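The values are calculated or read from the model by the stated rules, or taken from the named source; none is laboratory data. Computed from a predicted model, the values in this text were never measured in an experiment. No Cβ is skipped: glycine too gets one built from the backbone with ideal geometry, and neighbour counts run over all protein chains shown.
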Amino acid sequence: MYFVITNPEGTEEILAVRVNVRYPVADDFVIMKPGEEISQTYVLNDWYFISSTPGEFTIQAIYQNDENPDDNQEAWKGKITSNVVHLTINP
């Protein structure tokens, strides 16, 4: 899971670290039924060096999985991107 944050100058904010970069373990995965949702809150200032420059920022979340959990169950593999959110910081 990581985020693409673009500042008012149009450049991406610097990523301090990616969240949960490691081989997945069984507890990282949940079986979901159609229509179910899962959510997680992240404090972006903990992971990114975000400018406080006034203007419009965009934020997009990206989840990518290329592995099965360590219990040999089959997991979904691929990449999902969220909608782009526009956020304005006023002076």
Any pair with Cβ under 8 angstrom, 6 or more apart, that starts in region 36-61 at a residue that is touching a residue at least 60 places away in the same chain (Cβ under 8 Å) and ends at one that is surrounded by 14 or more Cβ atoms within 10 Å (Cβ to Cβ)
ALA61/MET1; ALA61/TYR2; ALA61/PHE3
Which residue, of GLY55, GLY35, GLY10, is at pLDDT 85 or above, surrounded by 13 or more Cβ atoms within 10 Å (Cβ to Cβ) and not acidic (Asp, Glu)?
GLY55
For region 52-62, indicate whether the set of residues that are more than 25 Å from THR88 (Cβ to Cβ) and out of contact with any Gly (no Cβ under 6 Å at 6 or more places or on another chain) is non-empty.
no
